[in-house]
1. Tell me which helices (runs of 4 or more DSSP H) are completely within region 308-412 and hold 2 or more residues being farther than 21 Å from residue 106 by Cα and in contact with a strand residue (DSSP E or B) (Cβ under 7 Å, 6 or more places away or on another chain), or say none if there are none.
2. Of all the residues that make up region 290-307, how many are more than 28 Å from residue 56 (Cβ to Cβ), touching a strand residue (DSSP E or B) at 6+ places or on another chain (Cβ under 7 Å) and part of a helix (DSSP H, G or I)?
3. Please specify each residue of region 322-332 satisfying the condition of being surrounded by fewer than 22 Cβ atoms within 10 Å (Cβ to Cβ) and in contact (Cβ under 8 Å) with a residue 12 or more places away in the chain.
4. When you scan region 75-144 for helices (runs of 4 or more DSSP H) that lie fully inside it, which ones turn up with 1 or more residues that are at pLDDT 90 or above and either surrounded by 13 or more Cβ atoms within 10 Å (Cβ to Cβ) or assigned by TED's automatic domain parsing to the domain that holds residue 362 (or both)?
5. For region 348-374, how many residues meet the condition of being over 31 Å from the mean Cα position of the chain (by Cα) and exposed (fewer than 14 other Cβ atoms within 10 Å of the Cβ)?
6. Of all residues in region 334-347 being in contact (Cβ under 8 Å) with a residue 24 or more places away in the chain and surrounded by fewer than 16 Cβ atoms within 10 Å (Cβ to Cβ), which is farthest from the chain's Cα centre (by Cα)?
7. Out of all the residues in region 53-64, which are in a helix (DSSP H, G or I) and either assigned by TED's automatic domain parsing to the domain that holds residue 197 or surrounded by 15 or more Cβ atoms within 10 Å (Cβ to Cβ) (or both)?
8. Could you list, in sequence order, the residues of region 24-34 that are in a helix (DSSP H, G or I) and surrounded by 15 or more Cβ atoms within 10 Å (Cβ to Cβ)?
């Protein structure tokens, strides 16, 4: 409907609020309203069962790469008899493909490395933090986002440090990363474990702060701070040499007798002062970087998988509920074409939640057809009656439960 260039497919309302809205809006009698509520509840339960299997699959794949895992490996009788019989090793390619599919289900969009270079420049320009990351340090790197937004940030201005005004900064509502670093020197204190895959999910993060989120990101001092650090030692050494030269010109070579240790102490003092200033500045920079990201981090590693899978399940549920209800309540007897349904759902949502969305009509229709909740005739879609829809969903639910029961009774 209209220009969707800046709109998102994500329906950012709680499923409970959406159900409450539909039950208040439908105007059905008590019995029909009760069946409609049961239908939406059964649909949600079916989707939960549908997403449970892929969730366990990707969590099992990630177990081998999870830096936070403390599970014990499985030890069987066969492994005692045959030491070569080991637990199968998961595929990194399979994990990456599964994570990409999960992000796409949750309506995330991919970013490229070219974006990172621009963010590095903006980070130094606006916040005074010169963050450097190198692409060759990563074995695998995925970056995905969802939702363009503006975040209020206080820029760093050396010419006006007293100004505390916050400015709107372009950012992303959600930002997810999949990172695996290459092998490094084990004696390098700054190296990151290369056998692990690091998953991160951030919220409301400005684009120019994104370079800070990568493992191994290094904060460099800007020119002003470098000048402030080098100024004491340069001026101190210059002052010492000036005094030595003046004394030499006035007294002669005798003036240099006995000044060796004072000179060494002076150089050492100025050198220590400069080093102390350098360490303090680096600590302040690291603290600023950590402070910026502390409140933006939503989840890490296996928690990212669970959160994204939950969001994908909720999203499909909201799409199916909205699509079925609008066809059931507002479509004419012959039904609606997909574009008509798309336009009406977006209008209906905007009227009740005062926010525009870009309803994913392709996914919505596909899900309704797979559940058997709509009938198609001549490119027109029509919702089946509530009683029939409820029977179909309950039959699917009974089938899934029976399959789970048969699987659980199989001998190991």
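The values are calculated or read from the model by the stated rules, or taken from the named source; none is laboratory data. This one's a predicted model, so the numbers in the text were calculated from it and none came from an experiment. Positions of Cβ are backbone-derived with ideal geometry, glycine not excepted, and every protein chain shown enters the neighbour counts.
1. Of the helices (runs of 4 or more DSSP H) lying wholly inside region 308-412, those with at least 2 residues that are farther than 21 Å from residue 106 by Cα and in contact with a strand residue (DSSP E or B) (Cβ under 7 Å, 6 or more places away or on another chain) span 338-353.
2. So the answer is 0.
3. The answer is 328, 329, 330, 331.
4. Answer list for region 75-144: 92-105.
5. Total satisfying the criteria: 1.
6. Only one residue tops the list, namely 334.
7. Selection gives 54, 55, 58, 59, 61, 62.
8. Matches in region 24-34: 26, 33.
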